[in-house]
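Take a look at the structure below.
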Amino acid sequence: MSEGEEPLKTIAKGAGIFFIGLIISKLLNYFYKAIVARFLGPAEYGLLSLGLAIFGIGGWIALLGLNQGAERYVGYYINKKNQIKKVISSVIKIGLPFSILIGLIIFLAAKFISYKFFHNLALINILRLFSIAIIAYSLSEIFLAILRGLKSIRQQVYIKYIIEPLVRIILTLIFLFIGLNLIGAALAYVLALIFTLIISFLVVNRRFKVFSKIKSGMTSSIFSFSWPLLFTGLFFSIFSWTDTLMLGYFKSEELVGIYNAAFPTAYLITTILVSFTALFIPVMVNLYANKKYDEIIKVYKKVTKWIFSLSLPIFILIIFFADDILNILFGRNYVVGSNALIILSIGFFTATLVGPAG
């Protein structure tokens, strides 16, 4: 086998179920947004997007970095069941009350946020619904992180990447069909997260009795490890939602809706990049640790070519058929966002070309 061929083979084969699950998840979440946008129209879809933006930021704050702390400590004590039970007890003791606190703050501040920042009182009920979702999101992410720490990747992928978006789509279709419209779309999102929480809890609880009496003794150390990690996720979340929030503040919810049809469509270009980089990083680290610098160069060049070749057709399709794509998937009211779609696509395609360098 030639130099550099083995790591390339490892990357090409990928993590099987993880990559398939990731792609299915992206497509299902995109399908959810397309359904909601088409049924509700730009204005109400814009309100939902603003609600998701507040939820996204609030959810990261409520999580407090405990998902990474849980994954780290469970992985460290993977062969020590009692120690893992202490980790689980500690993260729940910290995570549950803190997520309730953040959810309560958003619930109480819903009217203020809706009126002062976005000038639309119709957003109040959406924010209050999502304040409940913050608790479910925080705890489910912790339980899923525990599964990752246990190397139960298959279960995590099934629950988060396949079951959750499928439940969300099914509930959305039901609620829209019976006429719940905007509240129905938001409620479907919340209930899907609650379902994920229940399933992830049951899976973890089957292996470790979560509520069995045990002295944790790790609360302080886990908190000290986790809370600084909050800022990494928080800054990323704020960065991800800044465009939506600024449009909502300075413009109208209708423009927010149009933009949030263009954005996820353009973001599909990065699917190839994300799929490759999940295994690309550990492979490159291993090569670096073994001082195989020539192989690093060869692997990097080859993977970059693969990402470019597979992303290019998606990019070309969007550039030349932006109007048709938005019309078919979201409806005629969203075609005005075609220029935004083209600009975003150029940006995301450029990111895929240099993505592995990250």
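The table below gives the values:
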item	result
Rounded to whole Hz, the Karplus (6.51, -1.76, 1.60) HN-Hα couplings of the range 80-91, x for glycine and proline	10, 4, 5, 5, 5, 4, 5, 4, 4, 4, 5, 5
Pairs beyond 21 Å (Cα-Cα), from K151/K292; K80/K151; K81/K151; K26/K251	K151/K292; K26/K251
Per residue accessible area of the range 71-170, 1.4 Å probe, in Å²	46 Å²
Kirkwood-based Rg to Rh ratio, the range 72-120, C-alpha trace	1.36
Computed over the chain: relative contact order in percent, which uses C-alpha pairs under 8 Å that are six or more apart	28 percent
Pairs of Cα atoms farther than 21 Å apart, the range 119-246, %	55 percent
Packing-based ranking, highest mean first, of 184-195, 291-302, 247-258, 320-331 given that Cβ atoms within 10 Å are counted	184-195, 247-258, 320-331, 291-302
Fraction of accessible area attributable to carbon and sulfur, the chain (%, probe 1.4 Å)	68 percent
Average accessible area per residue (Å²) across the range 313-358 - probe 1.4 Å, nucleic acids and ligands excluded	56 Å²
Peptides ranked, highest mean first, by Cβ atoms within 10 Å: ranges 42-50, 92-100	42-50, 92-100
Proportion of all alpha-carbon pairs of the range 22-147 beyond 18 Å (%)	61 percent
The chain - Kirkwood radius from inverse mean 1/r over Cα pairs (Å)	21.8 Å
Virtual spin-label span in nm between Y288 and I162, 7 Å along Cα→Cβ	3.3 nm
Within a Gaussian network of the chain (alpha carbon springs, distance under 10 Å), most fluctuating of A70, A266, A109	A109
Principal axes of the range 216-301: Cα extent on each, largest first, Å	54, 47, 19
The range 105-177-the range 244-274 distance, computed between alpha-carbon centres (Å)	18 Å
Ratio of the Cα radius of gyration of the range 94-150 to 2.2 N^0.38 Å, where N counts its residues	1.36
Other-chain or far-sequence residues with amide H under 5 Å of L64's (modelled H)	none
Integer Hz, Karplus 6.51/-1.76/1.60 couplings in order for the range 141-156, x for Gly and Pro	5, 5, 5, 5, 5, 4, 5, 5, x, 7, 6, 8, 5, 4, 5, 4
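The values are calculated or read from the model by the stated rules, or taken from the named source; none is laboratory data. Keep in mind it's a predicted model, so treat the numbers as computed, not measured. Backbone-built Cβ (ideal geometry, glycine too); neighbour counts: all protein chains shown. In case anyone asks, the SASA skips ligands and DNA or RNA and just uses the protein heavy atoms, side chains included. Shrake-Rupley method; radii C 1.70, N 1.55, O 1.52, S 1.80 Å.
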